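S.K.: Please read through the structure below; I'll follow up with questions.
Each value in this text was obtained by applying a stated rule to the coordinates, not by laboratory testing. The structure presented is a predicted model; accordingly, all values stated were derived computationally and were not measured. Please note: Cβ atoms are built from the backbone with ideal geometry, for glycine as well, and neighbour counts cover all protein chains shown.
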Amino acid sequence: MSALANAVREDRLWQRHADMAKLGGTPKGGVNRQALSPEDAAARNQLAAWAKARGFSISTDAIGNLFVRREGSDPAARPVLSGSHMDSQPTGGRFDGMYGVLAAFEALEALEDAGVTTRRPVIAVAWTNEEGSRFQPGAMGSAVFAGQYRLDDMLAAKDWKGVKLADALAETLGAAPAPMRGGEPGFALDYYIEAHIEQGPRLENASTTIGVVTGIQGSRRYIVETDGEEAHAGTTPRAARKDAFAAATRIAAAMYEATTDADDTLRFTIGRVEVQPGSPNTVPGKATFTIDMRHPQDAVLESHEKKLRDIVAGRAAPCAARIERVTAVAPTDFDPRVIDLVRDKAGALGLSHMDMPSGAGHDAMHIAKLCPAGMIFVPCERGISHNEIENATPADLAAGTRVLVEVLAELANR
């Protein structure tokens, strides 16, 4: 093992995860650290404190992305960037996103401990609101950074309780202050590499340590609303009702059937349902549900979107219904140079590895539009993620970080 890879400290990296898991920790061992919450602010403060203790500089931008910078010998050179996100699902795990941030930070510490000088600066980043569980759309901070979403539009977004993102961001940055980068988010990069738990079972099933990620499948998100008429639950005959929830369930059932494919490649999920007014003895007047749909081919997503729209139009009566596409992210192919480098470094370290696509979306899909990019996966227990029992081993986390630091060191000296 090289001196640089050997400088990655498994115990330190694991302890960092344990410390972060306390911020928004849940009784079942997971985390609830949603974007721009007090728990998110606490995680930002913790990362900033570790950075300051090592002499790294920190900064933030107008969408709240947090950057930790280790200088290179040529401060004018475009930097190499690595990171992920610190926000979680409401019942999330300790490693989703957070591993990528802490692996990037551990890489900075390993470079420092090994006394390695890089020509380019190396920056660890924590992107804002990747999960999209509180504010939609997800992967927001990286998308604004990459110019995919307009800053003003994202600042105007509201959560499910009507809180405006701009207000939540101001409160978070007030609680976790960092020097502000002026102007619109975004700056020139040379390379981006993101470490992440796989969030699926392939690596564990294959007894393989490193996933060399070749790309990310496309995804689309929707909101479906049905409008009916509130009525008394005890006196209104079913034939006379305009039950918004009944219409929503008809639509949902037809959608599940229409999105079932023989090879089980298409991913279709209804993840959130709201019924109004939410009274036990009132026929619902309004129902809302979300859709997450994913596939490696954009043409398949397009054809299935037409099916969804036809179902909404044809199954709602006697209610009214509409479907709104919230996001549409095309499939991402990572740069062959970065893919090859991850593969080569994993092999040089004697780590088992395999090429694989990512089924989940990640911030890397947006940053790949700015510069050559790639990802490194490590196994998670039983492939479980977005769940409080999500788990990974200290050895696998350290192995992925060793590949990461070797990749970053080479890219930062090109």
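S.K.: What is the gain in length, in nm to one decimal, between Ser2 and Arg150 on full extension, counting 0.36 nm per residue of separation less the C-alpha to C-alpha distance?
M.R.: Stretched out fully, the Ser2 to Arg150 stretch lengthens by 49.0 nm.
S.K.: Got a sec? How would Leu301, Leu349 order by Cβ neighbour count within 10 Å, fewest to most?
M.R.: Fewest-to-most Cβ neighbours within 10 Å comes out as Leu349, Leu301.
S.K.: Given 0.36 nm per residue, what is the gain on full extension from Arg309 to Asp355 after removing their alpha carbon distance, in nm?
M.R.: Between Arg309 and Asp355, full extension yields an extra 13.0 nm.
S.K.: Relative to the Cα centre, what is the charge dipole magnitude of the chain, using +1 at the beta carbon of each Lys and Arg, -1 at the beta carbon of each Asp and Glu, and rounding to the nearest 20 debye?
M.R.: With Lys and Arg at +1 and Asp and Glu at -1, about 560 debye.
S.K.: Could you work out how far apart the two model spin labels at Arg181 and Thr282 are, taking each label as a point 7 Å from the Cα in the direction of the beta carbon, and quote it in nm?
M.R.: 4.7
S.K.: Could you tell me which of rounded, prolate or oblate describes segment 1-94, using a ≥ b ≥ c as the square roots of the eigenvalues of the alpha-carbon gyration tensor, with rounded for a/c under 1.5 and, failing that, prolate when a/b is larger than b/c and oblate otherwise?
M.R.: Taking the square roots of the gyration eigenvalues as a ≥ b ≥ c, segment 1-94 is oblate.
S.K.: Can you list the lysines whose alpha carbon sits under 29 Å from that of Lys22, skipping same-chain ones fewer than 8 residues off?
M.R.: Excluding near neighbours in sequence, the set is Lys52, Lys158, Lys161, Lys164.
S.K.: Gaussian network model of the chain, Cα springs within a sub-10 Å range: biggest mean-square fluctuation belongs to which of Thr332, Thr290, Thr214?
M.R.: Among Thr332, Thr290, Thr214, the largest mean-square fluctuation in the Gaussian network model of the chain belongs to Thr290.
S.K.: Just to confirm the number: angle between the C-alpha axis of helix 244-258 and the first principal axis of the chain, 0 to 90 degrees, nearest 10?
M.R.: 60
S.K.: What does the net charge come to around Ala41 if you take all other residues with beta carbon closer than 12 Å to its beta carbon, with K and R at +1 and D and E at -1?
M.R.: Computed value for this residue: -2.
S.K.: Further question on the same structure: Give the order of Leu397, Leu13 when sorted by the count of other beta carbons within 10 angstrom, beginning with the fewest.
M.R.: Ascending Cβ contact count within 10 Å gives the list Leu13, Leu397.
S.K.: Which value in nm describes the separation of the simple spin-label points at Trp160 and Thr117, placed 7 Å from the Cα toward the beta carbon?
M.R.: Modelled inter-label distance: 5.3 nm.
S.K.: Follow-up. Could you list Val116, Val212 in order of exposure, starting from the residue whose Cβ has the fewest other Cβ atoms within 10 Å?
M.R.: Lowest to highest Cβ neighbour count: Val116, Val212.
S.K.: Then there is this: At 7 Å along Cα-to-Cβ for each site, give me the label-to-label distance between Asp11 and Asp263 in nm.
M.R.: Between Asp11 and Asp263, the label points sit 4.9 nm apart.
S.K.: Let me ask something additional. Take the alpha carbon gyration tensor of segment 123-258, find the square roots of its eigenvalues, order them as a ≥ b ≥ c, and report rounded if a/c is under 1.5; if not, report prolate when a/b exceeds b/c, else oblate.
M.R.: oblate
S.K.: Less than 19 Å from a label point 7 Å out along the Cα-to-Cβ axis of Lys28: which backbone N atoms in segment 83-100 qualify, by residue?
M.R.: 87-98, by backbone N distance to the label point.
S.K.: Another question, then. What aspartates and glutamates could a cross-link reach from Lys286, if we take a straight Cα to Cα line under 12 Å and drop same-chain neighbours fewer than 8 places away?
M.R.: Reachable aspartates and glutamates: Glu225, Asp227, Glu229, Glu230, Asp243, Glu274.
S.K.: A further question on this structure: Return an integer: the convex hull volume of the alpha-carbon atoms of segment 195-266, in Å³ per residue.
M.R.: Output value, Cα hull per residue: 180 Å³.
S.K.: Which of these, Gln199, Gln217, Gln276, has the largest mean-square fluctuation under a Gaussian network model of the chain (Cα springs below 10 Å)?
M.R.: Fluctuation is largest for Gln276.
S.K.: If you don't mind, another one. With the Cα gyration tensor of segment 199-349 in hand, convert its eigenvalues to equivalent ellipsoid semi-axes via √(5λ) and list them largest first in whole Å.
M.R.: 43, 16, 12
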